[in-house]
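Undergrad: This is the structure, below, for whatever I ask next.
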Amino acid sequence: MNKTFKPSDSPIWDELAEHRQSMQDFRIAKAFNEDPERFNKLHLNTAGLTLDYSKNLVTGETISLLVKAAENLKLQEKIHALIAGDKVNVTEDRPALHTALRDFSGNAPFNAEVDAAFSRMAELVQQVRSGQWTGSTGQGITNVVNIGIGGSHLGPMMVTDALKGFNQGKVRCHFVSNIDSTDIHSVLESIDPETTLFIICSKSFTTLETLQNAKTVRTWLEAKLTGASLDVSKHFLAVTAKPEKAGEFGIPDTNVLPMWDWVGGRYSLWSAIGISIALSIGMENFNKLRKGAEVMDRHFESSALNQNLPVILALLDIWYANYWGTQSQAVLPYCHHLRYFPEFLQQLAMESNGKSVDLNNNPVTYPTAPVTWGTVETNGQHSFHQLLHQGTGFVPADFIAELNPGDDEHHTHLLANCLAQSNALMNGKAHNDIKQELVIKGMTEQDAQHQAMHRQIPGDRPSNTIVFDRFTPEILGSLIALYEHRVFAQSVIWNINAFDQFGVELGKQISQEVYKKLVNDGPNVGFDASTEGLIALYKNAKK
Ligand code: F6P
């Protein structure tokens, strides 16, 4: 029995551990046979999304115990505190108010600042999309390049790509994040300097990758613009919490949209960091995205824990990570619009909850965020699903699918595959059944016995399925908010701060020292033999 998972003194954790023990022989398929109402009991609807969580290693008792555990940790109070703007990011002494950015009630904290920012953003979007905004040579804008990384890239890129079917305008958005110049050059090759607007998105305006790319772009514009010299104010916008730093780069105040320290980078697509989304699909559609998220926020805030989609998902995550020892979690969108969703979720889940010290400043003694991974399907079926079906451990998976994108034979096959995969993971295929089939086909008993060993599928591999009718901005907004809140609810149970990310800093600092050594810039520090050896190889290669 796992007695180590005890985020509080309550006996509930031991009850859960005992319950887990009693589930050793639980079979999901058998549970369906025994209870024809299982699907009806274990699915929830809200904000256009249906969550079917019936294909999990759970009984009604499991859910009750998990909910009791969440109550013990005052999850509902903590959800209210998040949305009310309490300083839930305790290590940085500030709130995490992404919900305020999609609150249309007028009552959210910082409402006036948020409204003002969106008004300015709407003006800029209108000017660019209508052709009123012109570049240095007087031509309208046809291409926008978002330069940012992490949250200043993944959210805007994922959403813009997902909703490109809603782009009725002439503006094409590109996204550059990598410090590897291959990234920026491959975009620069495809665009015209006269008709391109660059948006430098960086909350801190100190991020190496973003500033290096911004510098390269300015040099490129200076070199490539003919017939007029570069007017920075016509080709650059910035979104940042540090406007003075954008000013140092040469971007005038009028071209700077605000960000705030109370919005975490991985939640920033809801702020003006999402301007590339709005430039692509228009402000109206951007607002629909926000509205979808707002519906999920209201649900998260007001629903009972056992009816609450993000909470149920989070509790299942805890169940597997802390009672079944799973170390990763797959996200499998059967919806091409969501092809970058797993990548977006990696930052959301792992930068938020990849923590090992709790809110009482003690080391955590139990696993926190499992590795989040996945890809758009059915591509994964032809690569890693082998491990999902027959690997030594199990990986809880989320299947995400659109039900009705319109008449399309491709889609029917896509959905059939989605439903088939979760079914196969759950049911598996027994050794004896396979052996029998092979013997009937003429194989000897002994060969069939061996073959069946390799072909049997254990089953009882749990999954959630999230479906919606049609993919729209509202649905995407709800879906993103669902995962954001799931991650927050996990953090409450793990008793960790989901909103800082100090772990990313050390590598950044060391890279500055390594850089100095690579370019022989002044006195430098000594590294370990491996790092020194690799630096020597670099220097040799450059000779
Ligand atoms: O290095 C991690 C990180 O700070 C993320 O949290 C953030 O989303 C990303 O870098 C980009 O930061 P910024 O928007 O300040 O450039």
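Undergrad: Could you please find all residues in the stretch 177-208 being closer than 17 Å to Ser268 by Cβ and either surrounded by 18 or more Cβ atoms within 10 Å (Cβ to Cβ) or over 22 Å from the mean Cα position of the chain (by Cα) (or both)? Before the answer, list the steps.
TA: Quick first cut of the stretch 177-208, residues closer than 17 Å to Ser268 by Cβ only: 177, 199-207.
Result: Ser177, Ile199, Ile200, Cys201, Ser202, Lys203, Phe205, Thr206, Thr207.
Undergrad: Tell me the residue from Cys173, Cys201 that is within 13 Å of the ligand (Cβ to nearest atom) and either touching a Phe, Trp or Tyr at 6+ places or on another chain (Cβ under 6 Å) or within 15 Å of Val145 (Cβ to Cβ) (or both), please.
TA: Numbers: Cys173 fails: within 13 Å of the ligand (Cβ to nearest atom).
Exactly one of Cys173, Cys201 is within 13 Å of the ligand (Cβ to nearest atom) and either touching a Phe, Trp or Tyr at 6+ places or on another chain (Cβ under 6 Å) or within 15 Å of Val145 (Cβ to Cβ) (or both), namely Cys201.
Undergrad: Turning to a different aspect of this structure: Looking at (1) within 13 Å of the ligand (Cβ to nearest atom); (2) in a helix (DSSP H, G or I); (3) under 22 Å from Thr160 (Cβ atoms), which is the one condition that is false for Ala238?
TA: Of the numbered conditions (1) within 13 Å of the ligand (Cβ to nearest atom); (2) in a helix (DSSP H, G or I); (3) under 22 Å from Thr160 (Cβ atoms), the odd one out for Ala238 is (2).
Undergrad: Now for a separate question. Provide a single number: the residues in the stretch 206-225 that are touching a residue at least 60 places away in the same chain (Cβ under 8 Å) and part of a loop (DSSP other than H, G, I, E, B).
TA: 1
Undergrad: Another question about this same structure. Out of curiosity, is Asn178 part of a loop (DSSP other than H, G, I, E, B), within 16 Å of the ligand (Cβ to nearest atom) and at pLDDT 95 or above?
TA: Numbers: part of a loop (DSSP other than H, G, I, E, B): yes; within 16 Å of the ligand (Cβ to nearest atom): yes; at pLDDT 95 or above: yes.
Answer is yes for this residue.
Undergrad: For residues that are within 12 Å of the ligand (Cβ to nearest atom) and hydrophobic (A, V, I, L, M, F, W, C), tally how many sit in the stretch 204-231.
TA: Just the residues of the stretch 204-231 that are within 12 Å of the ligand (Cβ to nearest atom), to begin with: 204-214.
Those still in the list that are hydrophobic (A, V, I, L, M, F, W, C) too: 205, 208, 211, 214.
Of the residues in that region, 4 qualify.
Undergrad: Of the residues that sit in the stretch 101-134 and are within 27 Å of the chain's Cα centre (by Cα) and part of a loop (DSSP other than H, G, I, E, B), which one is nearest to the ligand (Cβ to nearest atom)?
TA: Selected residue: Phe110.
Undergrad: Sort out which residues of the stretch 135-162 are buried (at least 17 other Cβ atoms within 10 Å of the Cβ), hydroxyl-bearing (Ser, Thr, Tyr) and away from the ligand (no atom under 16 Å from the Cβ), and write them in order of number.
TA: Ser136, Thr142, Thr160, listed by residue number.
Undergrad: Do any residues in the stretch 10-28 that are within 20 Å of Arg38 (Cβ to Cβ) have Cβ atoms under 7 Å from those of residues that are crowded, with 17+ Cβ neighbours inside 10 Å and of a type in the set (Lys, Arg), where the two are at least six apart or on different chains, and which pairs are they?
TA: Ile28/Lys55
Undergrad: Further question: Quick one: would you say Lys78 is surrounded by fewer than 16 Cβ atoms within 10 Å (Cβ to Cβ) and part of a helix (DSSP H, G or I)?
TA: Details: surrounded by fewer than 16 Cβ atoms within 10 Å (Cβ to Cβ): no; part of a helix (DSSP H, G or I): yes.
Answer is no for this residue.
Undergrad: Can you spot a residue in the stretch 28-46 that is in contact with a His (Cβ under 6 Å, 6 or more places away or on another chain), assigned by TED's automatic domain parsing to the domain that holds Ile400 and either surrounded by 13 or more Cβ atoms within 10 Å (Cβ to Cβ) or among the hydroxyl-bearing types (Ser, Thr, Tyr) (or both)?
TA: First, the residues of the stretch 28-46 that are in contact with a His (Cβ under 6 Å, 6 or more places away or on another chain): 46.
Restricting the remaining residues to those that are assigned by TED's automatic domain parsing to the domain that holds Ile400 gives 46.
Still in the list and also either surrounded by 13 or more Cβ atoms within 10 Å (Cβ to Cβ) or among the hydroxyl-bearing types (Ser, Thr, Tyr) (or both): 46.
Checked against the condition, which is being in contact with a His (Cβ under 6 Å, 6 or more places away or on another chain), assigned by TED's automatic domain parsing to the domain that holds Ile400 and either surrounded by 13 or more Cβ atoms within 10 Å (Cβ to Cβ) or among the hydroxyl-bearing types (Ser, Thr, Tyr) (or both), the stretch 28-46 yields at least one hit.
Undergrad: Further question on the same structure: Of all residues being outside any helix (DSSP H, G or I) and in contact (Cβ under 8 Å) with a residue 24 or more places away in the chain in the stretch 242-256, which is farthest from Lys291 (Cα to Cα)? Just the residue, please.
TA: Gly250
Undergrad: If I go through the stretch 148-175 residue by residue, how many of them are part of a helix (DSSP H, G or I), of a type outside the set (Val, Ile, Thr) and within 20 Å of Arg290 (Cα to Cα)?
TA: In the first step, residues of the stretch 148-175 are kept if they are part of a helix (DSSP H, G or I); the result is 150-152, 154-162, 164-166.
In the following step, the residues that additionally are of a type outside the set (Val, Ile, Thr) were identified as 150-152, 154-158, 161-162, 164-166.
Now drop any that are not within 20 Å of Arg290 (Cα to Cα), which leaves 151-152, 154-158, 161-162, 164-166.
Going through the stretch 148-175 one residue at a time, the tally reaches 12.
The values are calculated or read from the model by the stated rules, or taken from the named source; none is laboratory data. If you're wondering where the values come from, they're calculated on a predicted model, not measured in any experiment. No Cβ is skipped: glycine too gets one built from the backbone with ideal geometry, and neighbour counts run over all protein chains shown.
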